[in-house]
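Taken together, the values in this text are just the output of simple stated rules run on the coordinates, not laboratory data. Small disclaimer: the values here were computed from a predicted structure and weren't measured. Cβ sites come from the backbone with ideal geometry, for glycine too, and all protein chains shown count toward neighbours.
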Amino acid sequence: MNYFAEVTKSNIDEYLREYSIIACRIRNSRIKSKQIAILEMIFAQFDNEILAVKNGPLGDIKGIVSFFCPKKNLFSFRERLFGIGYCYKFYLLDFEDETCKNPTDLRSINPLIWKGRKFSVDYFYTQDSKIYEEQSPHKREFKIAGSNGEVKTVFGYRGDGSELGRRSLPVEDARCMVNLSIPAKNKRILDPFAGGGGIVFTFRYIAPNGTMASIDIDPVLKPGLEFYSSAHYVMNAKDASFPPDSFDSVITEVPFSKNALNDITIALAKINASVSNDGIFVIMCEKNQRDEIFSAMSELGIYLLFNSEIDRKGTDVDMSVLCKSENFANSMSEFIGELKKIY
Ligand SMILES: C[S@@+](CC[C@H](N)C(=O)[O-])C[C@H]1O[C@@H](n2cnc3c(N)ncnc32)[C@H](O)[C@@H]1O
């Protein structure tokens, strides 16, 4: 299955009969991560049957990616835009209005014409920047256990700054990782290295009817992760043991340390036994941990769908999506092959 549309002057009318076209602006912080931004939208909107548009309109504006959405799914498409991580502003193109109106902040040096067809453009949805700010690791409410057992409410908990205890996953990455797990379908998640709860918090925001479980070795985090409504376990993730088919996806940012690799690979193997047969893993790790994690996953028979490096303010990290189902991996391979050619 290919989730790309290749539009020409001769097939554009066919597409425009069935689809609306939405241009999406990627956040400046992730403007170099166009491929993940596209994959995130496709997976976030999986059941809305959208298509990424190759060489889309407004191509001279940096950080713009466009999608076709079946007109019948436009309402449901819009309902999901609040939780997208890498894109944050969305514009609707109108090919029936040939007056080329553009009251938006999109500044194209070209006339508003695509594949020989004039269009106008208007705002479709813009994310609330206040919500983004409130959800950020330096503002979010959290609860930690004090040394004498009392629970303290804190804002902006970012861990102790140590190699194993850093906890400040940016909002856009947490949202993107949740969306890459296909939350419209996969409702039962586990984060085995949950830290300050960026992923469980975000999963609840995007999929409030889902269920979340979390693990962290650090007992200080227990009240905070329970506050985010996660079924939480204080333990070493390598001792995890859950019944088969307990989770649809595992979404996690592992501890960024070479020393943690052994625990991480054992934990993923243990947890794999409790993930459904068509389950998804979304993993963020440090770049130098990647190869060992991938080879451990491959030994478990898990397929790497896609991975990409991200520059997180100077730390080179890798975000990857893996899946258990060979059928799903095969069904995505043509699209992923095309995606890797996009820059
Ligand atoms: C990178 S942080 C996760 C940050 C989290 N995504 C967030 O948004 O705050 C990794 C976490 O793994 C935990 N950890 C380290 N080794 C562990 C192990 N063997 N089992 C479970 N948790 C572990 C650390 O305490 C830390 O909180």
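Considering only the other residues whose Cβ falls under 12 Å of the Cβ of Asp311, what net charge follows from Lys and Arg at +1 and Asp and Glu at -1?
Working: positive: Arg30, Lys32, Lys287, Arg312, Lys313; negative: Asp173, Glu309, Asp316, Asp318.
Within the 12 Å Cβ shell, the charges total +1.
To make sure I understand, if each residue's beta carbon is the centre and we count other beta carbons within 10 Å, what order do Phe328, Phe193 fall in, fewest to most? Mind showing how you got there, number by number?
Numbers: Phe328 17, Phe193 25.
Going from sparsest to densest Cβ surroundings: Phe328, Phe193.
Taking the beta-carbon count within 10 Å as an exposure proxy, list Val317, Val282, Val151 from fewest neighbours to most. Can you show the working numbers first?
Values: Val317 20, Val282 26, Val151 13.
Going from sparsest to densest Cβ surroundings: Val151, Val317, Val282.
Angle check, please: helix 261-272 long axis (alpha carbons) against the longest principal axis of the chain (alpha carbons), in degrees 0 to 90, nearest 10.
Approximately 70 degrees, to the nearest ten.
Quick check on the exposure proxy: order Asp216, Asp13, Asp278, Asp318 from fewest to most C-beta atoms within 10 angstrom.
Working: Asp216 25, Asp13 11, Asp278 16, Asp318 19.
Listed from fewest to most nearby Cβ atoms, that is Asp13, Asp278, Asp318, Asp216.
Let me check the size of the chain from its C-alpha atoms; what are the radius of gyration and Dmax in Å?
Values for the chain (Cα only, Rg and Dmax): 20.8, 72 Å.
Among Asn28, Pro57, Ala5, whose Cα projects farthest towards the positive end of the dipole of segment 1-121, with charges put on the beta-carbon of Lys, Arg (+1) and Asp, Glu (-1)?
Towards the positive end, the residue furthest out is Asn28.
Relative contact order for the chain using alpha-carbon pairs under 8 Å, separation at least 6, rounded to a whole percent?
On the way: 714 pairs, mean separation 47.6, N = 343.
Relative CO of the chain lands at 14 percent.
Within the chain, what's the longest run with no GluC sites (Glu not before Pro) in a DSSP loop and at most 13 other beta-carbon atoms within 10 Å? Give the range, please. Intermediate values should be presented prior to the final figure.
Details: sites that count: Glu96, Glu98, Glu150, Glu163.
Segment 164-343 is the longest.
What is the dipole size for segment 132-339, taken about its Cα centre, with +1 at each Lys and Arg Cβ and -1 at each Asp and Glu Cβ, in debye to the nearest 20? Numbers along the way, then the final one.
Working: 21 positive and 29 negative charges, 122 e Å.
Result for segment 132-339 is approximately 580 debye, rounded to the nearest 20.
Suppose every Lys and Arg Cβ carries +1 and every Asp and Glu Cβ carries -1, with no other charges. What dipole size does segment 28-113 come out with about its Cα centre, to the nearest 20 debye?
Working: 12 positive and 10 negative charges, 75 e Å.
The calculation lands at about 360 debye.
So for segment 4-127, what percent of the C-alpha to C-alpha distances run longer than 17 Å?
On the way: 4001 of 7626 pairs.
The share of Cα pairs beyond 17 Å in segment 4-127 comes to 52 percent.
Hey, which of these cross-link pairs are over 23 Å Cα-Cα: Lys101/Lys340; Lys9/Lys71; Lys72/Lys185; Lys71/Lys185; Lys287/Lys313; Lys32/Lys313?
Details: Lys101/Lys340 34 Å; Lys9/Lys71 21 Å; Lys72/Lys185 19 Å; Lys71/Lys185 21 Å; Lys287/Lys313 14 Å; Lys32/Lys313 13 Å.
Over 23 Å apart, Cα to Cα: Lys101/Lys340.
Of Met332, Gly146, Asn288, which is farthest along the charge dipole of segment 132-339 in the positive direction, counting Lys and Arg as +1 and Asp and Glu as -1 at C-beta?
Farthest towards the positive end: Gly146.
Dipole of segment 15-78 (Lys/Arg Cβ +1, Asp/Glu Cβ -1, origin at the Cα centre): which of Ile38, Leu16, Asn73 lies farthest to the positive side?
Ile38
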